[in-house]
Amino acid sequence: MYKIKQISEDFYVKELIKLKFNSGNYSYFLLKKRNLTTLEAINTISKRFKINIKNIGYAGNKDKRAITEQYISILNCNLKDIKFNDLGLKFLGYGNERIKLGNNLGNEFLITVRNLDKKYNGIKFIVNYFDEQRFSKINIKIGKYLLQEKFKEICNLLKLDDENPIMSLNKFNKKELRFYLHSYQSFIFNKSVAEYLKNKYKYHKKVKYSSGSFIFVDKKENLKFPLISFDAKFNKKDKIYLKILKEEKINLEQFIIKKIPWLIEETSYRNVFANVKNFKIVKYEKDELNKGEFKQIISFTLPKGSYATILVKEIFE
């Protein structure tokens, strides 16, 4: 069985972004981290330098067990180059726009896959699933509890004061709470895509994961599925969502979370397939960490929001 992330250096990702520099109030930094989630890194910077977390902007979440590079903006900040523990900031310049979700243009990856007994070929596209990183720990449960308005239970899970759960959650980190809701939406997306592909294609490969199964196929469609919210509209191919929502005992009206209104978002749409660009086998050689086996180093570029670990599963499983 193949191994990835056996050491952090086996998984390297660099964010692609376009910044406009001028004399604005935002400082732009390249954030390099190791063995930290993006939220952990942002929280560390906020606490260590007494910066309001609302003033720190970033374009997306990066893997924890990895070496990652991404860009952040900080409002009214006089920090320069900084390095401590597994985190470094390189000052790039100033601008007048906050870096936010959506600014990411894609990501470059350099990944070492270990414990192999043969060489594997590349692929030109992947099924655009969300992977385990999105669903770690209790993310899906909290996301569903938000829709069910089980606010006291959420506070218990997050170790917050449950005497007034609405107040506690309104004071909680907004990005983190949104992430839990997005995790549940991503879970529904994955289930729906897998069900659709399994029903449509005779040939498919099934790979199990903690929240179900990935279904991989060898043909690609120009197709989008919704990350559902209260305003989702279902056409013929999307009717599978209604079946899954029924199984989950969730309805669209529950996405209008009246007691925490800033969590309410409109439905967005995600490509079911994502193109893989610049795939290259960098090396195939003996694996120094697994006796008698080989390692394959691969590089490639994926669109923003697509998971390199899905590519690895599709090729090496």
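Summary table below
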{"quantity": "Over the range 28-111: Kirkwood hydrodynamic radius from C-alpha pairwise inverse distances, Å", "calculated": "13.0"}
{"quantity": "Coil-residue trypsin sites (Lys or Arg not before Pro) of the range 1-33, DSSP, other Cβ within 10 Å capped at 10", "calculated": "K18, K20"}
{"quantity": "Theoretical gain in end-to-end length, L101 to I123 [0.36 nm per residue, Cα-Cα removed]", "calculated": "5.2 nm"}
{"quantity": "Theoretical FRET efficiency, 1/(1+(r/R0)^6), r = Cβ-Cβ of K259 and K83, R0 41 Å, to 0.05", "calculated": "0.45"}
{"quantity": "Sparse-neighbour loop sites [chymotrypsin sites (Phe, Trp or Tyr not before Pro); the range 210-317; at most 14 other C-beta within 10 Å; DSSP]", "calculated": "F234"}
{"quantity": "Distance-filtered residues of the range 29-47 - backbone nitrogen under 13 Å, label point 7 angstrom along L92 Cα→Cβ", "calculated": "29-32"}
{"quantity": "Förster radius 35 Å - calculated FRET efficiency between K286 and Q148, Cβ distance, rounded to 0.05", "calculated": "0.10"}
{"quantity": "Contour minus Cα-Cα distance for K54 and N35 (0.36 nm per residue)", "calculated": "4.5 nm"}
{"quantity": "Cα→Cβ-extended label distance, 7 Å offset, between N22 and I138, nm", "calculated": "4.6"}
{"quantity": "Label-point separation in nm, N156 to K277, each point 7 Å along Cα→Cβ", "calculated": "4.8"}
{"quantity": "Burial ranking of peptide ranges 243-249, 61-67 (average Cβ count within 10 Å, highest at the top)", "calculated": "61-67, 243-249"}
{"quantity": "Qualifying chymotrypsin sites (Phe, Trp or Tyr not before Pro) in the range 1-108, DSSP loop, other Cβ atoms within 10 Å at most 14", "calculated": "F21, F49"}
{"quantity": "Kirkwood hydrodynamic radius over Cα pairs of the range 80-212, then Stokes diffusion coefficient at 10 °C and 1.306 mPa s, in µm²/s", "calculated": "83"}
{"quantity": "Calculated Rg and Dmax of the chain using C-alpha coordinates, Å", "calculated": "20.7, 59"}
{"quantity": "Kirkwood Rh and Cα Rg combined as Rg over Rh, evaluated for the range 212-296", "calculated": "1.20"}
{"quantity": "Probe 1.4 Å - accessible area at V282, Å² to nearest ten", "calculated": "70"}
{"quantity": "Percent carbon-and-sulfur accessible area, the range 99-193, ignoring ligands, DNA and RNA, probe 1.4 Å", "calculated": "50"}
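The values are calculated or read from the model by the stated rules, or taken from the named source; none is laboratory data. Since the structure is predicted, the reported quantities are computational estimates derived from the model, not experimental observations. Methodologically, a virtual Cβ is constructed for each residue, glycine included, from the backbone with ideal geometry; neighbour enumeration extends over all protein chains shown. Each accessible area value is taken on the protein alone, full model and side chains, heavy atoms only, with ligands, DNA and RNA left out. Shrake-Rupley method; radii C 1.70, N 1.55, O 1.52, S 1.80 Å.
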